[in-house]
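The values are calculated or read from the model by the stated rules, or taken from the named source; none is laboratory data. Quick caveat: nothing in here was measured; it's all calculated off a predicted structure. In this analysis, Cβ positions are derived from the backbone assuming ideal geometry, glycine residues included, and neighbour counts consider all displayed protein chains. Surface areas here come from the heavy atoms of the whole protein model, side chains and all, with no ligands, DNA or RNA. Shrake-Rupley method; radii C 1.70, N 1.55, O 1.52, S 1.80 Å.
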2 protein chains.
Amino acid sequence: MDAARPQRKSRPATLVRRREILDAAVDIFGAKGFAGGTLVDIAAQVGMTHAGILHHFGSKDQLLLEVLRYRDESDVADLEERHIPDGMPLFRHLVRTAIANAQRAGIVQAFVVLSAESVTDDHPAQAYFTARYEQLRGEVAHAFTAVCAERGITAPDTIEDAAASILAVMDGLQVQWLLAPERVDLARATEFAIEAIVSSVLGPQPSPLAE
Amino acid sequence: MDAARPQRKSRPATLVRRREILDAAVDIFGAKGFAGGTLVDIAAQVGMTHAGILHHFGSKDQLLLEVLRYRDESDVADLEERHIPDGMPLFRHLVRTAIANAQRAGIVQAFVVLSAESVTDDHPAQAYFTARYEQLRGEVAHAFTAVCAERGITAPDTIEDAAASILAVMDGLQVQWLLAPERVDLARATEFAIEAIVSSVLGPQPSPLAE
């Protein structure tokens, strides 16, 4: 949910080529992980040489970081003016994200593998994921504070744990869903869990996510 | 939380050696992942040759599966007679597991990386993790059913989603905690989330996890 970065100026053909490589990298990192997937695999998928990939992205580490930014941009592309909502609309946005994710297993798989791999020693995306979770926890905690203020409730001291838990349950359900899509309903389970956690913070009330 | 398997009969010295290799494999797979960690890395850590590891475990895939079973056994080792609790004691057991996990980052790191890596194509632990989550979801759903019966509540149709969500939030919080242990309190956040989800299933009541 990072704000969009300005695109660097490039010729349209170069931009198309870069995007093809990014799509192939999502596929390969999802299928094999970052440690297991190689630039040769990615090059083969787009009919280029290994050197051609390096020409566009400089290094495998750099390509990984561009893949993650590319995914962030696709996350916010459907939001009006790329504006991240606050308050209760943020929780509804997270439920809609899970509904959208259930239709794009490839990018979810890449994200599941890369985020978990990022805890390994000296992983090139460790700083990215550490900062990303920190930012997301802050945004979710802020939404809780805003909802409490709107409703005249004193913000409880569970908000930080609740923010971490909402992101955690979204991530963890993705793993179970990828392993057994016929056994885990990603969208429905995510909505259930977010509603349970939001209710726990706000106190019992009927269906807090209802518009 | 698999039941303990009978140990194969081996000489004590062989068992000690196998255990040293398993401990080293937990370290290496946690530090580098399964795709990134090699038998040579593991052999170096225990002062053996690569062939020596193969003598004990047959293949890298087989070693991975033994590491996962080894972890399952350590999970239940502290339970009386290795009996998995049911009903509300299961939820308290899961909270205690998170408290214990906060003291063993190494094995948590290995588990986070291996479970996420298992969604990659043809990963040797894919069947293991698929079956493990299926079994755990069943155990947690059964505990919900037992608690509802005890309290004379009609079991709601959210039990399956709640079971998946409890396992998911435990996994997802581990990733955030490994990346930022000073920012995420693994034990406290896990207890908050389990209590929120249990309350959502049972209906509002003060602190359902309290003994």
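Applying the set (1) open to solvent by less than 30 Å² (accessible area, probe 1.4 Å); (2) in a helix (DSSP H, G or I); (3) in the same structural domain as B:Q174 (by the TED database) to B:T120 leaves exactly one unmet item: (2). Could you grab the pairs with beta carbons closer than 6 Å, sequence gap of 6+ or different chains, first residue in region A:159-182 and under 21 Å from B:G138 (Cα atoms), second one among the hydroxyl-bearing types (S, T, Y) and assigned to a helix (DSSP H, G or I)? Correct list of pairs: A:V169/B:S165; A:M170/A:T190; A:L173/A:T190; A:Q176/B:Y133; A:L179/B:T130; A:A180/B:T130.
A quick yes/no check of all residues on (1) closer than 28 Å to B:R188 by Cα; (2) out of contact with any Phe, Trp or Tyr (no Cβ under 9 Å at 6 or more places or on another chain):
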position: B:V26; (1), (2): yes, no
position: B:I42; (1), (2): no, no
position: B:G47; (1), (2): no, yes
position: B:L54; (1), (2): no, yes
position: B:F57; (1), (2): no, yes
position: B:L65; (1), (2): no, no
position: B:I84; (1), (2): yes, yes
position: B:M88; (1), (2): yes, yes
position: B:I99; (1), (2): yes, yes
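So A:R71 ticks every box in (1) over 30 Å from A:I159 (Cβ atoms); (2) touching a residue at least 24 places away in the same chain (Cβ under 8 Å) but one. Which box is left unticked? With (1) over 30 Å from A:I159 (Cβ atoms); (2) touching a residue at least 24 places away in the same chain (Cβ under 8 Å) applied to A:R71, the lone miss is (1).
Residues in region B:125-136 include at least one that is facing another protein chain (nearest Cβ under 9 Å), under 20 Å from the mean Cα position of the chain (by Cα) and open to solvent by less than 10 Å² (accessible area, probe 1.4 Å).
Flag not set for B:I159, criterion: at negative phi, touching a helix residue (DSSP H, G or I) at 6+ places or on another chain (Cβ under 7 Å) and more than 14 Å from chain A (Cβ to nearest Cβ). When B:A98 is tested against (1) open to solvent by 20 Å² or more (accessible area, probe 1.4 Å); (2) more than 10 Å from every other protein chain (Cβ to nearest Cβ), exactly one condition is not met: (1). The single condition among (1) under 18 Å from B:V198 (Cα atoms); (2) modelled with pLDDT of 95 or more that B:Q135 does not meet is (1). Checking each residue in region A:167-196 for being over 23 Å from A:P208 (Cβ atoms), surrounded by fewer than 19 Cβ atoms within 10 Å (Cβ to Cβ) and more than 7 Å from every other protein chain (Cβ to nearest Cβ) picks out A:P181, A:E182. For region B:24-59, a residue qualifies if it is of a type in the set (D, E) and open to solvent by 70 Å² or more (accessible area, probe 1.4 Å), and exactly one does: B:D27.
Remark: A:T154 matches the filter, which requires a residue to be among the β-branched types (V, I, T), over 30 Å from A:F29 (Cα atoms) and at pLDDT below 95.
Give the residue that is farthest from B:A35 (Cα to Cα), with candidates limited to residues of region B:137-166 that are hydroxyl-bearing (S, T, Y) and open to solvent by 60 Å² or more (accessible area, probe 1.4 Å). The selected residue is B:T154.
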